[in-house]
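The values are calculated or read from the model by the stated rules, or taken from the named source; none is laboratory data. Because the structure is a prediction, the values reported are computed rather than measured. Cβ sites come from the backbone with ideal geometry, for glycine too, and all protein chains shown count toward neighbours. For accessibility, only protein heavy atoms count, side chains too; no ligands or nucleic acids. Shrake-Rupley method; radii C 1.70, N 1.55, O 1.52, S 1.80 Å.
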Amino acid sequence: MKPQQSSVSVASHGVQESVTFGIKESGMAHIMGVLRNQLYSDKVLAVVREYTCNAVDANVEAGKADTPITVTLPNRMNPYFKVRDNGLGLTQEDVNDIYAFYGESTKRNSNDQIGMLGIGSKAAFAYGDNFVINSYVNGKKIMYNAYIDESQRGQISKLGEEDTSEPDGVEIVVPVRDDDYQEFQTKAEGLFKWFKVRPEVKGCPEFNYEDQKDILFSGTGWRWLQADNRWHSGNAHVIMGNIGYPIDQSGLNLTDEDYQNYNNLLTSSLVLEMDIGDVEISASREKLQFTEYTRKNILARLETVRDELVDKIQEEFEGCKTLFDAKCLLGELFDYGSGLYSLRDTLLKKMEFNGEPITDWQFSSCLLYTSDAA
């Protein structure tokens, strides 16, 4: 993913001496420890998310975006979490010059892939002290062990090489503690529900994706789902690079006008599908960064949702022959159990029948006319 560039103008008048920021050799192990142990608040989810996202990126790079990655969940017979992609594999040069270094990435010049920070490939170190990298390239399988050594900086050591008939790609193998098998499955079920191409999952007898709510309406980069609770509350989500990020309304810094226009949209019924690079995310990839760039793009998409949703609901009334029919339909749409209940105040101001506003779903006998009679 291409990072957003910020321009900074600094006055240099009067500067007598300066020094460039950096990291001393003596502090390198400490910084690496911070990146390993303090970056991720949910370490199991970090392992699942980072390696599956990297695998999807590898498939995209190899022109296989529609090919599912393979995920093997840990169990008693096979206590490892594994992720296998169908990408180009890692050469020895790739391992030496890119994979082994924090901050190195090949993905910063493209928005076709979600990665860019050069940190996620080491996410297994947030969970344990070692993991295995199996690289398949041109009929060869090369095995590496990544581990935390006495220096606390970590190393990648080549374990061996052998002939193979398996296709090119990379397999990550992370040892998992007995007590964590179920947590890996639970976190994977919640994460993979957003994936455009869902992974092929092995290692468990039954893998259940979290329920996807019925889609009531959809438009340009958005879906409106059936309400998932009677209070029509919860967070709207942004989906970018297969990851779902809840929208913290306070982070949007809504003006009074924005609040009136968009507040009722920001419920769990709304899913915004953003292209890679349209919003900025934290280094841990756990949440959105509500920068001015992110806020601007989310608000622009909310405006699209509001306008298109009004048009789509208005289409429902075009088949009504009488005002009575239109008011009955309005009552159904904005019933307390409807997925549109939270929008009733906003949309009631915009609904029309035969060019006249429908302000409520109340009616009397004098209104029971047909459009032909009118």
*Given a 1.4 Å probe and every protein chain left where it sits, what share in percent of the accessible area of region 113-191 is carbon and sulfur?*
44 percent
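Using alpha-carbon pairs under 8 Å, 6+ residues apart, how would you state the relative contact order of region 138-273 in percent? The partial results should precede the final answer.
Working: 154 pairs, mean separation 24.7, N = 136.
So the answer I get is 18 percent.
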*Go through 142-149, 75-82, 43-50 and give me the packing order, highest mean Cβ count within 10 Å leading.*
43-50, 142-149, 75-82
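Probe radius 1.4 Å, ligands and nucleic acids ignored: give me the carbon and sulfur share of the accessible area of region 221-304 as a rounded percent. Let's see the in-between values first.
Values: 1520 of 3650 Å².
Ligands and nucleic acids excluded, carbon and sulfur reach 42 percent.
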*Can you give the accessible area per residue of region 132-283, in Å², using a 1.4 Å probe?*
51 Å²
_Three-way shape call for region 133-180 based on the alpha-carbon gyration tensor, with the a/c threshold at 1.5_ = oblate
